[in-house]
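The values are calculated or read from the model by the stated rules, or taken from the named source; none is laboratory data. As the structure is a prediction and not an experimental result, all values here were calculated from the model. Cβ atoms come from the backbone with ideal geometry, glycine included; neighbour counts cover every protein chain shown. Calculation scope for accessible area: heavy atoms of the full protein, side chains included, ligands and nucleic acids excluded. Shrake-Rupley method; radii C 1.70, N 1.55, O 1.52, S 1.80 Å.
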Amino acid sequence: MPDIGFVNGRFLPLEEATVSVEDRGFQFGDGIYEVIRTYHGHPFQLDAHLARLERSARAIELSPPWNVQQWAAYMRDGITRSGYAESKVYLQLTRGAAPRDHVFPASTKPTAVMTVREMKPMEPVLQTAGVAVMTMDDWRWGRCDIKSVNLLPNIMARQKAKQAGAFEAIFVRGGQVTEGSVSNVMVVKAGRLLTAPEGERILSGVTRTIVLELAKKEGLTVEERFVSLDDFIRADEIFLTGTTVEVLPVIRVDGKAVGPGGSGKPGPVTQKLQAAFQHFVG
Ligand code: PLP
């Protein structure tokens with residue numbers, strides 16, 4: 001059974017995995033999730049992902065049914081059962097199934113779902129040539145640090161970007177760049193690496209943390225502060241980070257070429273960090 005489903009401790013073929021229509025994840029988006037990929041068959045940065053899962057759960061007053069060791073054991077089991085060389089694992093945790101009422105149910109158990117699918121790498125040409133992005137108003141809620149299953153603004157934004165021929169939507173709140181719909185965003189300006197600070201405006205990306213550490217090791221000065229849309233467009237280099245995109249150069253913003261000297265090409269710092277990241281993941 002290659003694509004694996006898992007519901008509340010039970011593994012089954014993905015197409016047989018179901019939850020109740022009364023599940024609060026379905027009714028209200030009352031839940032949180034994580035996405036973890038493997039490299040060489042091993043879950044990448046598992047501790048960091050599981051720590052964020054716990055943080056997200058705590059932030060919405062939800063008690064996970066298992067500790068991180070148990071989650072990790074289920075994940076490894078799922079990866080082995082799938083048999084894929086590389087997998088992408090989604091963990092979702094909701095407040096469970098109960099008659100519809102905004103108030104938390106008194107005694108309902110959370111629903112825990114996991115899926116394991118084959119991880120298909122991005123097209124290499126996107127990594128080498130870079131991608132176009134489209135800026136958009138950040139109309140998400142005020143707790144973007146919680147990895148909530150409520151992704152409606154992200155979905156709307158990415159769809160709009162796709163329709164405009166762009167790979168990713170970049171959110172801008174009050175004139176400041178926050179992050180992408182599925183990624184964090186970083187810019188290089190006068191030899192410094194800038195990215196939005198951790199806090200309620202962005203998801204603290206696992207890849208973001210690794211890339212910032214790698215950048216410091218490469219001798220770059222890192223500044224975690226918001227960048228205005230004007231500075232963003234005029235940056236020397238722009239790139240995205242994330243589990244699915246890794247380190248991905250941005251070469252166009254809203255139809256205009258960006259990158260060194262407005263060349264529409266990936267810059268040297270981005271390429272150096274791409275190489276460092278690939279080295280890090282082995
Ligand atoms: N920001 C948002 C909104 C995301 O959805 C994601 C990834 O899913 C990221 C940033 C990047 O986070 P990570 O590096 O942990 O994948």
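Of note:
- Condition check for VAL133: within 30 Å of LYS272 (Cβ to Cβ) and either assigned to a helix (DSSP H, G or I) or modelled with pLDDT of 95 or more (or both): yes
- ALA132 vs. criteria free of Cβ contacts under 8 Å to residues at least 60 places away in the same chain and either within 13 Å of the ligand (Cβ to nearest atom) or over 14 Å from the mean Cα position of the chain (by Cα) (or both): no
- Qualifying residue in the range 230-238 (condition: within 11 Å of the ligand (Cβ to nearest atom) and touching a Ser or Thr at 6+ places or on another chain (Cβ under 6 Å)): no
- Taken over the range 37-54, the criterion of being over 24 Å from TRP141 (Cα atoms) and within 15 Å of the ligand (Cβ to nearest atom) is satisfied by ARG37, THR38, TYR39, PRO43, PHE44, GLN45, LEU46, ASP47.
- The sole residue among LEU220, LEU203 that is at pLDDT 95 or above, away from the ligand (no atom under 16 Å from the Cβ), open to solvent by 10 Å² or more (accessible area, probe 1.4 Å) and of a type in the set (A, V, I, L, M) is LEU220.
- Counting residues in the range 195-205 that are in contact with a Gly (Cβ under 7 Å, 6 or more places away or on another chain), touching a residue at least 60 places away in the same chain (Cβ under 8 Å) and among the polar types (S, T, N, Q) gives zero.
- Positions within the range 186-200 being open to solvent by 50 Å² or more (accessible area, probe 1.4 Å), out of contact with any Ser or Thr (no Cβ under 6 Å at 6 or more places or on another chain) and not acidic (Asp, Glu), in sequence order: LYS189, ALA190
- Taking the conditions (1) under 27 Å from ARG55 (Cα atoms); (2) at pLDDT 95 or above in turn, THR128 satisfies each one other than (1).
- Scanning the range 179-191 for residues that are over 27 Å from ARG95 (Cβ atoms) and either touching a Cys at 6+ places or on another chain (Cβ under 6 Å) or within 11 Å of the ligand (Cβ to nearest atom) (or both) yields GLY180, SER183, ASN184, VAL185.
- Residues that are part of a helix (DSSP H, G or I), in contact with a Phe, Trp or Tyr (Cβ under 7 Å, 6 or more places away or on another chain) and open to solvent by 60 Å² or more (accessible area, probe 1.4 Å) occur at least once in the range 78-97.
- The residues of the range 237-282 that are touching a Pro at 6+ places or on another chain (Cβ under 9 Å), at pLDDT below 95 and open to solvent by 20 Å² or more (accessible area, probe 1.4 Å) amount to a single one, PRO260.
- Test result for ILE36, more than 16 Å from PRO110 (Cα to Cα), among the aliphatic types (A, V, I, L, M) and assigned to a strand (DSSP E or B): yes
- Scanning the range 208-217 for residues that are touching a residue at least 60 places away in the same chain (Cβ under 8 Å) and either under 16 Å from the mean Cα position of the chain (by Cα) or within 11 Å of the ligand (Cβ to nearest atom) (or both) gives THR209, ILE210, VAL211.
- Residue count, the range 118-166 (criterion: open to solvent by 30 Å² or more (accessible area, probe 1.4 Å) and within 28 Å of THR94 (Cβ to Cβ)): 17
- Filtered residues of the range 55-66 (kept if in a helix (DSSP H, G or I), more than 13 Å from the ligand (Cβ to nearest atom) and crowded, with 18+ Cβ neighbours inside 10 Å): ALA57
- Meets criteria (in contact with a helix residue (DSSP H, G or I) (Cβ under 8 Å, 6 or more places away or on another chain) and not in a strand (DSSP E or B)) for ASP145: yes
- Among residues of the range 27-49 that are within 27 Å of ARG95 (Cβ to Cβ), those with a Cβ under 6 angstrom from a residue that is of a type in the set (Ser, Thr, Tyr), sequence gap 6+ or separate chain, pair up as ASP30/THR94; GLY31/THR94; ILE32/SER56; ILE32/SER148; VAL35/TYR90; VAL35/THR243; ARG37/THR243.
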